[in-house]
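The values are calculated or read from the model by the stated rules, or taken from the named source; none is laboratory data. Since this is a predicted model, take the numbers as computed values, not measurements. Cβ sites come from the backbone with ideal geometry, for glycine too, and all protein chains shown count toward neighbours.
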Amino acid sequence: MEKNGVIAVCSPKGGVGRSFVSCFLATALARKGKRVLLVDLDPRIHTLDLLFGVEDRILFGLSDLLSGKEAEKVLFPLNEEQGLYLCPCGALGALPEEEMLREALFRMISCCAPDLIILDTPSSAAERGYFEKISDLHLILSTTEPTALLGAQRVSAELSSEKEALLLLNGMAVWEPREEGSLRPYEMIDLVGRPLVGIVPAAPPLSRRLEEGRAAAYDEEKERPFDNIASRVLGEHPLLFEGMKDGKKWRRGL
């Protein structure tokens, strides 16, 4: 992706792991040498500061930036050495108008010069094309649940055919036998109508780490799916389960 590329992590279905994916994708991209700005845009459930364990150190957020606060005081360095920054949501009551958000992003870019911006978006924005004019890439997030897949299908249909969008399947129990009548991954891809960027197996240890506010910690084996997804976002082509324990067995089971 080009410098300052904006990635919107989106889904109209709650509970599919938008913040989970946003956190681990941001840290994976930072490990690959990219300066990354992670922006919390969920006015109702804004948790990124909690997931990184910095909630007690946050003074300002996007709401303050929109009210005229300097970007230098709003952006929080999660890892200055890697170039990973967070823009918390703050007391944002609702999503700002697209032009206001675009201007806010420009001010953030001028402050921390990110290579990539990841937007952790609310479910309310996914089906009305809110981010189409702002983002360069939509990561359409879904679990294997039928309602989540239908939501992903609707988001894909709302986007123009020229808009780059990729399907990301999260929380897939790849080690369990497939239930009779359940869709295979290639059928999910056909349903949503977008290429698959990756599969994140169900990972309770990673979820627990987020609950403990330790999103910035790193476990190479468990976070390999995000390393692979980050590589694909950057134009590389690793295998679906490359470097993952039991990856060959999982591929055969798909």
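A few points about this structure:
- Residues of segment 10-50 satisfying the condition of being of a type in the set (S, T, Y) and either touching a Phe, Trp or Tyr at 6+ places or on another chain (Cβ under 9 Å) or not in a loop (DSSP other than H, G, I, E, B) (or both): S19, S22, T27
- Selection status of R224, surrounded by 15 or more Cβ atoms within 10 Å (Cβ to Cβ) and free of Cβ contacts under 8 Å to residues at least 60 places away in the same chain: yes
- Taken as a whole, the structure leaves L65 outside the set of residues that are closer than 16 Å to M108 by Cβ, modelled with pLDDT of 95 or more and in a strand (DSSP E or B).
- First in segment 89-102 and within 24 Å of R57 (Cβ to Cβ) and of a type in the set (G, A, S), second anywhere and modelled with pLDDT of 90 or more and assigned to a helix (DSSP H, G or I), Cβ under 7 Å, 6 or more apart: G90/L62; G90/S63; G90/D64; A91/S63
- Taken over segment 191-221, the criterion of being touching a Lys or Arg at 6+ places or on another chain (Cβ under 9 Å), more than 15 Å from T143 (Cα to Cα), in contact (Cβ under 8 Å) with a residue 12 or more places away in the chain and among the hydrophobic types (A, V, I, L, M, F, W, C) is satisfied by L206, A215.
- Filtering segment 77-115 to residues that are under 18 Å from the mean Cα position of the chain (by Cα) and of a type in the set (F, W, Y) leaves only Y85.
- Residue that is surrounded by the fewest Cβ atoms within 10 Å (Cβ to Cβ), among those in segment 167-190 that are under 27 Å from C23 (Cβ atoms) and either among the acidic types (D, E) or touching a residue at least 40 places away in the same chain (Cβ under 8 Å) (or both): E176
- Residue that is nearest to L137 (Cα to Cα), among those in segment 227-248 that are in contact (Cβ under 8 Å) with a residue 24 or more places away in the chain and assigned to a helix (DSSP H, G or I): V233
- Condition met for A215 (assigned to a loop (DSSP other than H, G, I, E, B), under 16 Å from V21 (Cβ atoms), touching a helix residue (DSSP H, G or I) at 6+ places or on another chain (Cβ under 9 Å) and of a type in the set (G, A, S)): yes
- Reported count of residues in segment 109-133, each being touching a strand residue (DSSP E or B) at 6+ places or on another chain (Cβ under 6 Å) and in a helix (DSSP H, G or I), is 2.
- The set of residues from segment 56-71 being surrounded by 12 or more Cβ atoms within 10 Å (Cβ to Cβ) and either more than 14 Å from A91 (Cβ to Cβ) or among the polar types (S, T, N, Q) (or both) comprises S63, E70, A71.
- Residue list for segment 134-170, restricted to those being of a type in the set (G, A, S) and part of a loop (DSSP other than H, G, I, E, B): S135, S160, S161
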